[in-house]
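Notes follow once the structure below has been shown.
The values are calculated or read from the model by the stated rules, or taken from the named source; none is laboratory data. All of these numbers come straight from a predicted model, not from anything done at the bench. Reconstructed Cβ throughout: ideal geometry from the backbone, glycine too, with neighbour counts over all protein chains shown.
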């Protein structure tokens, strides 16, 4: 097993960082690694906003649900779906690109491009001995986040990435079984097999929580998912996305 694979398989979310800023060189390396990710048809439909201002980080932490590690880290990155430069490209070349930019396809491209770039950035950071934590809580109040970061039309902040020197280690959560995730030649939808796999995984996760909390927590994965999904969240998103010039057709 090589060091790249070891780094990937050793991933865990870090939520407690040392009070130690990343250097400009580290930031540049992480962003350049993000840019090296694959991109659909060379479209590069994303941007990365690095937030150093302590007050802005504090405000973002509040908007993300009072997550302290949004403010207290080595550096905070915000990954955005970005078709603004493509609108400008259309104007420069005197081409009408509006229908394409407002399509569901290009919205998916922008989200996928940003996600691929972010994962490259994460692996790069972890290979440098840093820890990371993705922050989806920015989508709690995207209007306020967009205003704070001054994002124009056709740019949507998707998620944040806290990066820094780990102040404490965190446990590694076991993922779903390989057989449950990997389907060969076609989707394997045998419900009995599916349920048995989930029950086995539930036992693994329940034991994980039991060991980490001295028996105070024993919930399962399916109970977590069902409890989370029973209450719809961020239902303003469709309207917000369309208002920003995405996913209209």
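Data table
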| read-out | value |
| --- | --- |
| Test: residue in region 13-27 that is within 26 Å of residue 154 (Cα to Cα) and either under 16 Å from the mean Cα position of the chain (by Cα) or in the same structural domain as residue 85 (by TED's automatic domain parsing) (or both) | yes |
| Within region 166-187, tally of residues that are more than 17 Å from residue 224 (Cβ to Cβ) and in contact with a helix residue (DSSP H, G or I) (Cβ under 8 Å, 6 or more places away or on another chain) | 1 |
| Helices (runs of 4 or more DSSP H) contained entirely in region 3-81, each with at least 2 residues that are modelled with pLDDT of 95 or more | 24-35, 54-63, 68-71 |
| Residue check for residue 56: touching a residue at least 24 places away in the same chain (Cβ under 8 Å), touching a helix residue (DSSP H, G or I) at 6+ places or on another chain (Cβ under 8 Å) and either surrounded by fewer than 15 Cβ atoms within 10 Å (Cβ to Cβ) or more than 19 Å from residue 19 (Cβ to Cβ) (or both) | no |
| Count of residues meeting criterion [in contact with a helix residue (DSSP H, G or I) (Cβ under 6 Å, 6 or more places away or on another chain) and under 30 Å from residue 198 (Cα atoms)] in region 139-159 | 2 |
| Residue match in region 95-102 (condition: under 14 Å from residue 160 (Cβ atoms), in the same structural domain as residue 16 (by TED's automatic domain parsing), out of contact with any strand residue (DSSP E or B) (no Cβ under 9 Å at 6 or more places or on another chain) and surrounded by fewer than 21 Cβ atoms within 10 Å (Cβ to Cβ)) | no |
| Enumerated helices (runs of 4 or more DSSP H) restricted to region 143-249, each holding at least 1 residues that are surrounded by 10 or more Cβ atoms within 10 Å (Cβ to Cβ) and in contact (Cβ under 8 Å) with a residue 24 or more places away in the chain | 191-212, 221-229, 237-243 |
| Extreme residue, surrounded by the fewest Cβ atoms within 10 Å (Cβ to Cβ), among residues of region 123-141 that are farther than 23 Å from residue 59 by Cα and touching a strand residue (DSSP E or B) at 6+ places or on another chain (Cβ under 6 Å) | 130 |
